[in-house]
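Read through the structure below, which is laid out as structure tokens, and then see the notes.
The values are calculated or read from the model by the stated rules, or taken from the named source; none is laboratory data. Predicted, not measured: the structure shown is a model, and the values here were computed from it. All Cβ positions, even for glycine, are placed from backbone atoms using ideal geometry, and neighbour counts span all protein chains on display. Note: accessible area is taken over every heavy atom of the protein model, side chains too, but ligands, DNA and RNA are not part of it. Shrake-Rupley method; radii C 1.70, N 1.55, O 1.52, S 1.80 Å.
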Amino acid sequence: MGKILRLLLFACMLISTSSVFAQKTITIKGKVKFPYNRFNMEIVERQGFDKTIIDSCKVKDDGTYEFKMKVDKPGVYTLDCQKWQSVQFWAEDEDLEINFRGEDTAKIKIKNPPYVYINGGPNNEVMNLMNWDGYRGYQLMIGVSQGVYRIPGIDDQAKQEVSGKFYDMLGNESRARMRFLAEHYADRNSVLAVLPSLRGEENEELVQQVLARLESKNPNYAPLLKYKAEMAEAKAQKERLAEGKVAPEFSFPTPDGKKKLGPQDFKGKILVLDFWASWCGPCRAENPNVRKIYRKYKDAGLEIVSVSFDTKKEAWIRAIQEDKLNWIHLSDLKGWSSVASDLYEVHGIPYVFVLDENNRIIAESLRGEALEECIAAALKGTE
């Protein structure tokens, strides 16, 4: 419902502002050092977790490629290089040159592609800084995982807990850098790409300042109107998920496919609704803590329902078995396109909601000791 409302709002805005932005054609070209010609170059538009291919082309014999992109909707797009690399760019009025390494030529191929730089203009300077932050964050996560894994003398659970704390620290550092970009690049349209990472009350004043500056420059700018509509919907959704509200209902299959269950089926229990996926490193790092909490409180009235954003059933079931997660598991196997992602506004995992015996929301986004303390207090309140 949320996605449909956002699309309708944006469609209305585009109709009312269609004369504001005249369609432009930009050139996107570059060279691929090691082409992987089983696949094409693709320009992709993403709406939430939905993906639309806008255009595609082959890499020429000399390793070059070129697009003539007609831009009627300025904003963030993804240039996918033959499934080996990709980069987000801002499409509006800047011609771009983007070069790729392409296929990994090592004997043992690992998909850990190098940073991709966009030769463009002021709007894509912001995208370069954003992309660099994402690239370095990913490399640091790999380094943390490898470094912690090699520490002698501590067990796997301790290693996972230490990794989780480092991941939290990296997330905080990334948000600080995004605030810096919003503060110092608020005069550029592409700053709208930064704002989604600045959710939360602590960033609300800064976000409003950025929007006011953009609005003073171009009040009918379609991407600005779209972002404001999405903010309004997100605010309404946050109110629907506020403490004391009844959790949204859904019904997903269990791993054996014999049942469909949802939070509404566990009234009378204190329920932890745990969103995760087999491919999510921080989720797997948190699982030992969740397992410990379940063992400690299951006989006191606690139930855990883990909702996976996997798309492959085999990987999902294997992770459940490997991590010894002996509670209820559900998934529609639609990944980030799952209706649960929309209903609960889950933008990153692991993420939990704690529900009382009447399915009312007690708390969200808790991990480690904070999660256990919340559960203990909720169970005590039912005595």
query = If you go through the stretch 113-145 one residue at a time, how many are within 24 Å of Asn172 (Cβ to Cβ), open to solvent by less than 60 Å² (accessible area, probe 1.4 Å) and either assigned to a loop (DSSP other than H, G, I, E, B) or not hydroxyl-bearing (Ser, Thr, Tyr) (or both)?
reply = 12
task = Can you tell me which residue among Leu225, Leu214 is free of Cβ contacts under 8 Å to residues at least 60 places away in the same chain and either over 24 Å from Val339 (Cβ atoms) or open to solvent by less than 50 Å² (accessible area, probe 1.4 Å) (or both)?
result = Leu214
query = Only one of Ile320, Ile361, Ile349 is closer than 20 Å to Ala247 by Cβ and at pLDDT 95 or above; which?
reply = Ile361
ask   = Restricting attention to the stretch 153-169, does a residue exist that is in contact with an Asp or Glu (Cβ under 8 Å, 6 or more places away or on another chain), modelled with pLDDT under 85 and more than 30 Å from Glu94 (Cβ to Cβ)?
value = yes
task = Kindly establish whether Gly281 is under 22 Å from Ile375 (Cβ atoms) and surrounded by fewer than 18 Cβ atoms within 10 Å (Cβ to Cβ).
result = no
message = Is it the case, given these coordinates, that Lys324 is farther than 22 Å from Asp156 by Cα and either among the charged types (D, E, K, R) or in contact with a Ser or Thr (Cβ under 6 Å, 6 or more places away or on another chain) (or both)?
response = no
request  = Inspect the stretch 337-346 for any residue being touching a Ser or Thr at 6+ places or on another chain (Cβ under 7 Å) and modelled with pLDDT under 95 and give the result as yes or no.
outcome  = no
task = Kindly indicate whether any position in the stretch 206-227 is polar (S, T, N, Q) and touching a Leu at 6+ places or on another chain (Cβ under 9 Å).
result = yes
key: Options Gly147, Gly102, Gly137, Gly153: the member that is touching a residue at least 24 places away in the same chain (Cβ under 8 Å) and farther than 25 Å from Met41 by Cβ   = Gly137
message = Against the definition (at pLDDT 95 or above and basic (Lys, Arg)), how does Lys83 come out, yes or no?
response = no
request  = State whether one or more residues within the stretch 238-253 are in contact with an Asp or Glu (Cβ under 7 Å, 6 or more places away or on another chain), in a strand (DSSP E or B), open to solvent by less than 20 Å² (accessible area, probe 1.4 Å) and over 30 Å from Tyr149 (Cα atoms).
outcome  = yes
ask   = Can you find a residue in the stretch 266-276 that is touching a Lys or Arg at 6+ places or on another chain (Cβ under 9 Å), surrounded by fewer than 18 Cβ atoms within 10 Å (Cβ to Cβ) and either modelled with pLDDT under 95 or assigned to a helix (DSSP H, G or I) (or both)?
value = no
ask   = Limited to the stretch 57-93, what total is found for residues that are farther than 14 Å from Pro114 by Cα and either in contact with a Pro (Cβ under 6 Å, 6 or more places away or on another chain) or open to solvent by less than 20 Å² (accessible area, probe 1.4 Å) (or both)?
value = 16
Residue count for the stretch 146-161, restricted to those that are open to solvent by 40 Å² or more (accessible area, probe 1.4 Å) and not polar (S, T, N, Q) = 9
note = Inside the stretch 40-52, the number of residues satisfying the requirement of being more than 15 Å from Lys73 (Cβ to Cβ) and either part of a strand (DSSP E or B) or more than 20 Å from the chain's Cα centre (by Cα) (or both) is 4
inquiry  = If the requirement is being of a type in the set (A, V, I, L, M), modelled with pLDDT under 85 and either out of contact with any Asp or Glu (no Cβ under 7 Å at 6 or more places or on another chain) or open to solvent by 80 Å² or more (accessible area, probe 1.4 Å) (or both), which of these qualifies: Ala106, Ala182, Ala176?
reply    = Ala106
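In the stretch 58-78, how many residues are of a type in the set (A, V, I, L, M) and either under 15 Å from Gln47 (Cα atoms) or touching a residue at least 60 places away in the same chain (Cβ under 8 Å) (or both)?
To start, the set of residues in the stretch 58-78 that are of a type in the set (A, V, I, L, M) comprises 59, 69, 71, 76.
From the residues that got through so far, the ones that are either under 15 Å from Gln47 (Cα atoms) or touching a residue at least 60 places away in the same chain (Cβ under 8 Å) (or both) too are 76.
The qualifying residues number 1.
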inquiry  = If Leu241 satisfies all but one of (1) of a type outside the set (Lys, Arg); (2) at pLDDT below 95; (3) more than 21 Å from Cys374 (Cα to Cα), what's the number of the condition it fails?
reply    = (3)
